[in-house]
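Trainee: Sharing a structure with you now.
FYI, it's all coordinate maths here, none of it is from the lab. The model shown is predicted, which means the values in this text are computed figures rather than measured ones. Don't worry about glycine lacking a Cβ; one is built from the backbone with ideal geometry, like all the others, and counts go over all protein chains shown.
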Amino acid sequence: MNNAIGCKYAKKCGGCQLQNMDYQRQLKFKQAKAVSTLGKFHKVNNIIGMKNPYNYRNKVQAAFGLTRGGKIVSGVYQSSSHRIVNVDNCMIEDKKADEIIVFIRSVLPEFKILPYNEDTKKGFLRHILVKRSFSTNQIMVVFVGASPIFPQKNNITKALLKEFPQITTVVFNINPHKTSMLLAEREQVLFGKGYIEDELCGMKFRISPKSFYQINPFQTKILYETAIEYADLNKTQTVIDAYCGTGTIGLVASQKAGEVIGVELNEDAVKDAKINAKINGVENASFYCGDAGEFMVELAKEKQKVDVVFMDPPRAGSSKAFLQSVVKLAPEKVVYISCNIETQKRDLLILCKSGYKVKKIQPVDMFPHTTHVETVVLMSRKENK
């Protein structure tokens, strides 16, 4: 499937910036972008694309609102505005998730449920979030409401499960705050366990409503396998998984490493990581809540030997303090996974000035039809040429 598909939402939505190009041209565009940004460090391998670059998003969220005429709409916010583009099906979202959202939109009047209006503070439903595991086929639906009183919650849940018996859990998240955050702290399980499980790289992962989990599981497998291959691990080695999230890459690495230490600021993510370690029977991985940079500085003070650091920072990249802590710890290898090659370039320059050399660069197309490029970069200390 290499041809561009016409998308009726393209001009209003703005989510798929490269949708006007066929897929092979998109890959060439991203390859050129990776080469121009990172090519001065090392030869850039050919980008790894998808066989079928459509309907890959395993997490779909839709905002709900009312038009001036009183019609209920659901979908994405129009680029640079707070206006909702009414979406029935999206070329990059999971088809079943889209069907679920459209069904909920269609039955809201029947249950006398109105979307929440931030200006008037009237109505109830803010968002619907759907997460699906493509490997286990488990589906989670999250209703995000503006108040703890969810009218007709049992009846709408019954109607939803009757229409989509493959849904394995339904959760109600209460978000009364004026915020851009989709989910708040309080939640109530309406059906099922309150989480789903996915399988990735031979491991099981629990996904709760607030868990961070990679959105494209097909390419995540390739991304992680590349990172593990670059690290070239053995059972004598100690590995740090910085920005470890729910422990995904650290737990995959634990199968080949001697010891894995995961560090993450988000407390919920660390809880998930510990649960994921238990689910998989992993005993050589431990997870800590804290600032990864400060944690590594302490390890360096204690003369703790670390062989490999995996780092997968957010789009803003790493802080200078974090990078200096990597240099102090002096692992033989750093495997840097990035979702933003501009901030990765900035960070690589700092590490290169501090005794590291780039050995390999592999771009992976995690988000077809968008301008994002994900890369795995292997660095080693210069004395290990």
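Trainee: Among Thr169, Thr67, Thr246, determine the one that fluctuates most according to a GNM of the chain built with springs between C-alpha atoms less than 10 Å apart.
Mentor: Of the options given, Thr67 has the highest mean-square fluctuation.
Trainee: With axes computed from alpha carbons, what is the tilt in degrees of helix 267-279 against the longest principal axis of the chain, rounded to the nearest 10 within 0 to 90?
Mentor: 80
Trainee: Still on this model: Report the convex hull volume per residue for segment 59-200, counting only C-alpha atoms, in Å³.
Mentor: Details: hull volume 17.1 nm³, N = 142.
Output value, Cα hull per residue: 120 Å³.
Trainee: Let me ask you something else. Charges at C-beta only: +1 for Lys and Arg, -1 for Asp and Glu. How large is the resulting dipole of the chain about its Cα centre, in Debye rounded to 20?
Mentor: Working: 55 positive and 37 negative charges, 196 e Å.
The dipole magnitude comes to about 940 debye.
Trainee: List the GluC sites (Glu not before Pro) within segment 341-385 that fall in a DSSP loop (any state other than H, G, I, E or B) and whose Cβ has at most 16 other Cβ atoms within 10 Å.
Mentor: Glu383
Trainee: Something else about it: Which residue, chosen from Ile101, Pro115, Asn89, occupies the Cα position most advanced towards the positive end of the dipole of segment 79-125, where the dipole is computed from +1 (Lys, Arg) and -1 (Asp, Glu) charges on Cβ about the Cα centre?
Mentor: The residue sitting most towards the positive pole is Pro115.
Trainee: Counting each DSSP H run of 4 or more residues in the chain as -39500 (n - 2.57), what helix-only mean residue ellipticity at 222 nm follows after dividing by all residues, to the nearest 500 deg cm²/dmol? It would help to have the intermediate numbers written out before the result.
Mentor: Numbers: 10 runs with 112 residues, N = 385.
Mean residue ellipticity at 222 nm (helix-derived): -9000 deg cm²/dmol.
Trainee: Sticking to Cα atoms, compute the Rg of segment 120-230 to one decimal and its Dmax as the biggest Cα-Cα distance, whole number, in Å.
Mentor: 16.1, 54
Trainee: Based on alpha-carbon centroids, what's the gap between segment 262-280 and segment 162-222 in Å, whole number please?
Mentor: 15
Trainee: To the nearest 20 debye, what is the magnitude of the charge dipole of segment 59-200 about its Cα centre, counting +1 on the Cβ of each Lys and Arg and -1 on the Cβ of each Asp and Glu? Display every interim value, and only then the final one.
Mentor: Working: 19 positive and 14 negative charges, 109 e Å.
Here segment 59-200 has a charge dipole of around 520 debye.
Trainee: Once the dipole of segment 224-283 is set up with Lys and Arg at +1 and Asp and Glu at -1 on Cβ about the Cα centre, which of Gln255, Cys244, Tyr230 lies farthest towards its positive end?
Mentor: Toward the positive end, the furthest listed residue is Gln255.
Trainee: How tilted is helix 153-163 with respect to the longest principal axis of the chain? Cα atoms for both, answer in degrees (0 to 90, nearest 10).
Mentor: Here the helix axis deviates by roughly 80 degrees.
Trainee: Only Cα pairs within less than 10 Å get springs; with that Gaussian network setup on the chain, which residue of Arg126, Arg206, Arg68 has the largest fluctuation?
Mentor: Judging by the Gaussian network model, the answer is Arg68.
Trainee: May I pose another question? Which of Gly69, Gly15, Gly247 moves the most in a Gaussian network model of the chain with Cα springs under 10 Å?
Mentor: Gly69
Trainee: Among all the lysines, which ones have a C-alpha under 23 Å from Lys328's C-alpha, if same-chain residues fewer than 8 places away are not counted?
Mentor: Filter leaves Lys301, Lys303, Lys305, Lys320, Lys345, Lys353, Lys357, Lys359, Lys360, Lys382, Lys385.
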